[in-house]
Amino acid sequence: MADQDVVVETRKLTKIYRDFWGRQKKVALRALNLKVYRGEIFGLLGPNGSGKTTTIKLLLGLLFPTDGDALVFDQPAAEVRKNERIGYLPEESYLYRFLNAEETLDFYGRLFKLDAATRRKKAAELIELVNLGADKKRILKEYSKGMRQRIGLAQALINDPELVILDEPTSGLDPLGTRWMKDLIVNLRNQGKTIIMCSHRLEDVQDICDRVAILNEGELQELGSVRSLLEDVQRLELRASGVQLNEDLRKDLESVLAKHGGVIEFIGHPTTTLEDLFLRIVAQSKAHPGRRYLPEKAAAKPVEVKDSSTHVSR
């Protein structure tokens, strides 16, 4: 990725919190070096207190570094004007509770000095994008946590940003909302936007991030593509379709692997994920109204797995 445009770069970025007398109280971030490239989804992972939020605040210019540099669009992070090209969704959206969705987006559009016609057009588009068309006249005080998350994302996109920073974007969303949010993030990436996201839900990061950085106690512990970090080079995986597992197949596979010095550790049919199962059941329920689970039929018929391929590990 060396020849790609660098959108965000940190060089030995360090943040130390001090008490009233200037004594060191907490090293929130220590000598962080990383680059985020244009058009990628970059994940920041780490337990509470690992430095994720501090990193975001440093990039936005809300905090000043103790040492090192943070550059966004080749400008120092402290340069306020660069924030015109950034959209930010905090973990807790601090929105005005007595405004409705349209008024909220109009307010943020004014902050970016958009003219009235542009504000109305973009507000209408974003409200539909985040599926709040039926609730656009309700005040935010009446919104659920998931609905506030959706309108928070809409305000983060009101200025059509090049860089979108999302802190726990799936917080408060049900499985359907989570899938919608992840699909939307991928769509933003496909439009050429760069996304930095923090999340405690590791399955969300694994699903959509191109690269991840893992922080712990303010220090960078790992950095790389999701695939390279998760790949287990000591094991070989084989998937096949159109075949049922039987003893002859097992013996043939054991013989082939033994010839190459391998041993079968597991052989059987793969499982789906709970998220995929949930989404499939909801879709089937909508397609067949009135159908319900009957325990006596379930006991007589084995559970059908969507993916019937054979899985072999070495």
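Before moving on, here are some points about what is shown:
- Within straight-line reach of Lys137, meaning a Cα separation under 12 Å, sit the following aspartates and glutamates at least 8 residues removed in sequence or on another chain: Glu102, Glu103.
- Ordered by the count of other Cβ atoms within 10 Å of each Cβ, fewest first, Tyr96, Tyr37, Tyr143 give Tyr96, Tyr37, Tyr143.
- Rounded, prolate or oblate (a/c below 1.5 giving rounded, otherwise prolate when a/b exceeds b/c) for the stretch 6-230 by Cα gyration tensor: prolate
- R0 of 22 Å, Cβ-Cβ distance Asp19-Asn216: FRET efficiency to nearest 0.05: 0.40
- Near the amide H of Asn131, within less than 5 Å, lie no amide hydrogens of residues on another chain or at least 5 residues away, with H placed in the peptide plane.
- Enclosing the Cα atoms of the stretch 181-256 in their convex hull gives a volume equal to 181 cubic angstrom per residue.
- FRET efficiency, Thr118 to Val6 (Cβ-Cβ, R0 30 Å, nearest 0.05): 0.50
- Of the trypsin sites (Lys or Arg not before Pro) found in the stretch 158-204, those that fall in a DSSP loop while having at most 16 other beta-carbon atoms within 10 Å are Arg201.
- Checking the Cα-Cα distances for Lys57/Lys145; Lys121/Lys286; Lys57/Lys122; Lys52/Lys82; Lys113/Lys193 against a 25 Å cut-off, the pairs over it are Lys121/Lys286; Lys57/Lys122.
- Amide H contacts of Leu215 (H built 1.01 Å from N, under 5 Å, at least 5 apart or other chain): Leu45, Gly46, Gln221
- Spatially proximal lysines relative to Lys251 (Cα-Cα < 16 Å; intrachain offsets below 8 disregarded): Lys259
- Under-5 Å amide H pairs with Tyr37, H placed in peptide plane, nonlocal only: Val7
- Residue by residue, the stretch 136-150 carries 3J(HN,Hα) couplings of 5, 9, 7, 6, 5, 4, 8, 7, 6, 4, x, 5, 5, 5, 5 Hz when phi is fed to the Karplus relation 6.51 cos²θ - 1.76 cosθ + 1.60 (θ = phi - 60°); x denotes Gly or Pro.
None of the figures in this text is laboratory data; all of them are computed from the coordinates on show. The model shown is predicted, which means the values in this text are computed figures rather than measured ones. Note that we place each Cβ from the backbone using ideal geometry, even for glycine, and neighbour counts take in every protein chain shown.
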